[in-house]
Amino acid sequence: MTYRAFNDNSLGFTTRQLHAGYDPSEHYRSKTVPIYQNAAFELGDFERGIRLFSFAEDGHSYGRYSNPTNRVLEKRLASLEGGEEALGMASGMSVISNTFLNLAVSGDEIVASKTLYGGSITLLKKILPQYGIKGVFVSDENDLSSYEAAITEKTRAIFIECLGNPNSNIVDIEGIADIAHRHGIPLVVDNTFATPYLLRPFEHGADIVCYSATKYLSGHGTLIAGACVEKGGFDWLSGKHPQFEKFYEDNRELIPESDLKKSLFSRRLRMTYLCDMGAHMSPTTAFHLLQGIETLSLRMERHVQNAEAVAEFLISHPAVAEVSYPGLPSSPYRALSEKYFPRGPGAILSFRLKGGLAAAKKLIENVRLFDFMVNVGDAKSLIVHAATSTHFGQPPKVMEAAGVYEDTIRLSIGIEDACDLIADLDQALR
Ligand code: PLP
């Protein structure tokens with residue numbers, strides 16, 4: 001039997017989440033992707049060793065920058081995302097930090113929206129400036145002219161999240177991509193909360209997509225991992241990113257030019273940052289992540305259905321002051337949600353209570369089914385008090401800009417029976 005589902009990108013999303021990127025005939029016909037638990041690989045003959053170390057051959061020499069199990073995961077993610085190349089890393093934060101380091105050098109700037117995950121804010125505000133890279137936050141992320149105004153001659157990328165934290169706010173991805181491209185810079189999207197099943201940022205103009213794979217991609221709260229995917233086709237040689245021009249010149253004689261140009265971002269990321277800073281994902285993690293991805297579309301459909309039911313319940317509850325979920329008809333993000341999220345705007349929502357902080361504390365102490373945990377994207381439903389966890393220690397003004405108040409509760413809605421989730425919230429609110 002000639003079995004070719006592994007590289008047929010015309011197959012549907014759910015079929016590809018099970019088959020893309022894996023050819024069993026190359027692995028003793030093992031139907032499960034094997035875990036290659038190797039530190040290093042035999043180089044073979046002398047000439048092959050040279051080809052591997054110059055990355056002219058798509059093989060494996062040392063596990064700090066590539067591994068066959070991880071390669072399957074990377075090919076599967078590239079297929080699901082509709083991108084040219086993907087890279088798996090040790091955590092979402094390692095992906096975001098290495099992406100920024102790849103895009104910017106000392107003296108450069110990165111423009112970002114404000115409602116980001118706390119780790120990304122700290123990276124841009126406090127850590128990267130120590131190395132001469134400045135994070136510039138837009139004044140109003142809902143206003144496209146704010147992005148234009150934040151860009152200078154030194155800007156090397158725009159960074160946004162698909163659904164903000166904790167309120168799942170939505171920005172106009174296509175408008176922001178147009179602005180980035182007018183300035184010759186890429187748009188980078190953290191698509192963690194949506195996954196490629198709900199949103200494929202490349203179809204809306206993005207150039208790089210980052211993931212904390214710890215969340216929905218894995219889906220069961222069992223691992224820490226990250227991944228980034230490159231669309232391919234961005235012009236890295238336009239003069240805005242001299243580090244890519246040098247990399248291209250250094251490698252064009254070793255790697256076929258068309259391959260090099262197609263995925264220059266990922267190649268430089270692997271050959272520079274994975275090689276010498278070493279945040280590669282472990283092959284065992286890649287294996288577990290592949291198991292999680294096999295059910296991604298089914299889980300996301302159920303997550304969204306449940307989130308819609310819980311949001312509807314909360315908005316009509318007398319103890320609740322406000323609910324932030326872009327799927328609600330009353331949400332200011334409803335139009336953007338319909339445009340970008342036809343399958344539903346994820347399953348993370350927040351709400352405020354009429355009883356303020358005391359009521360928020362009481363609610364968290366009284367839920368029985370929801371777990372009091374800071375993670376999101378688990379199959380199980382999670383609850384957290386944003387001001388004392390995800391946004392702990394931020395000045396009140398920063399919290400308010402992110403839509404976090406003393407009584408803001410964030411829910412990550414799981415795939416349980418919706419009636420049980422609603423009954424639990426109902427008894428705790430009472
Ligand atoms: N991006 C988003 C949107 C997140 O929510 C998180 C973590 O919560 C991260 C990135 C960082 O991911 P990790 O915890 O896998 O490093």
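Highlighted here are the strands (runs of 3 or more DSSP E) found entirely within the range 324-418 that include at least 3 residues which are away from the ligand (no atom under 16 Å from the Cβ) and at pLDDT 95 or above: 348-353. Among the residues of the range 25-54, those that are in contact with a Leu (Cβ under 7 Å, 6 or more places away or on another chain) and either touching a residue at least 24 places away in the same chain (Cβ under 8 Å) or farther than 25 Å from LEU260 by Cα (or both) comprise VAL33, SER54. Of the listed requirements (1) within 25 Å of GLY239 (Cβ to Cβ); (2) modelled with pLDDT under 95, VAL209 misses just one: (2).
With the requirement that a residue be buried (at least 21 other Cβ atoms within 10 Å of the Cβ) and not in a loop (DSSP other than H, G, I, E, B), what does the range 275-286 give you?
First pass over the range 275-286, keeping only residues buried (at least 21 other Cβ atoms within 10 Å of the Cβ): 280-281, 283, 285-286.
Those that are buried (at least 21 other Cβ atoms within 10 Å of the Cβ) and not in a loop (DSSP other than H, G, I, E, B): HIS280, PRO283, THR285, ALA286.
Being of a type in the set (D, E, K, R) and either closer than 20 Å to ASP207 by Cα or without any contact (Cβ under 8 Å) to a residue 12 or more places away in the chain (or both) is true of LYS154. For GLN17, the criteria (1) open to solvent by less than 60 Å² (accessible area, probe 1.4 Å); (2) farther than 26 Å from LEU274 by Cα hold in every case but one, which is (2).
Residues in the range 394-426 that are basic (Lys, Arg) and in contact with a helix residue (DSSP H, G or I) (Cβ under 7 Å, 6 or more places away or on another chain): 1 in all. The set of residues in the range 192-213 being farther than 18 Å from SER263 by Cβ and either buried (at least 24 other Cβ atoms within 10 Å of the Cβ) or free of Cβ contacts under 8 Å to residues at least 24 places away in the same chain (or both) consists of THR192, PHE193, ALA194, THR195, LEU198, LEU199, SER212, ALA213.
A quick yes/no check of all residues on (1) touching a Gly at 6+ places or on another chain (Cβ under 7 Å); (2) outside any helix (DSSP H, G or I); (3) crowded, with 19+ Cβ neighbours inside 10 Å:
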| residue | (1), (2), (3) |
| --- | --- |
| VAL105 | no, yes, no |
| LEU116 | no, yes, yes |
| ILE121 | no, no, yes |
| GLY135 | no, yes, yes |
| SER139 | no, yes, no |
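Could we say that LEU87 is touching a His at 6+ places or on another chain (Cβ under 8 Å), closer than 30 Å to HIS204 by Cβ and not in a helix (DSSP H, G or I) here? No: the conditions fail for LEU87.
Within the range 250-267, work out how many residues are open to solvent by 30 Å² or more (accessible area, probe 1.4 Å) and not in a loop (DSSP other than H, G, I, E, B). If you could, list the steps in order and put the result at the bottom.
The initial filter retains those residues of the range 250-267 that are open to solvent by 30 Å² or more (accessible area, probe 1.4 Å), namely 250, 252-254, 256-259, 261-262, 267.
Next, only the ones that are not in a loop (DSSP other than H, G, I, E, B) stay: 250, 257-259, 261-262, 267.
Number satisfying all stated conditions: 7.
Each residue in the range 82-103 was checked for being within 12 Å of the ligand (Cβ to nearest atom) and either crowded, with 21+ Cβ neighbours inside 10 Å or without any contact (Cβ under 8 Å) to a residue 24 or more places away in the chain (or both), and 9 pass. Just so you know, in the range 159-215 the residues that are hydrophobic (A, V, I, L, M, F, W, C), more than 13 Å from the chain's Cα centre (by Cα) and assigned to a loop (DSSP other than H, G, I, E, B) include one that is farthest from the ligand (Cβ to nearest atom), and it is ILE185. Residue by residue through the range 216-225, note down the ones that are open to solvent by 10 Å² or more (accessible area, probe 1.4 Å) and either away from the ligand (no atom under 13 Å from the Cβ) or touching a strand residue (DSSP E or B) at 6+ places or on another chain (Cβ under 7 Å) (or both). Correct list: HIS220 only.
The values are calculated or read from the model by the stated rules, or taken from the named source; none is laboratory data. From a predicted model like this one, the values you see are computed outputs, not experimental measurements. Neighbour counts are summed over all protein chains in view; Cβ atoms, including those assigned to glycine, are modelled from backbone coordinates with ideal geometry. All accessible areas refer to the heavy atoms of the entire protein, side chains included, with ligands and DNA or RNA removed. Shrake-Rupley method; radii C 1.70, N 1.55, O 1.52, S 1.80 Å.
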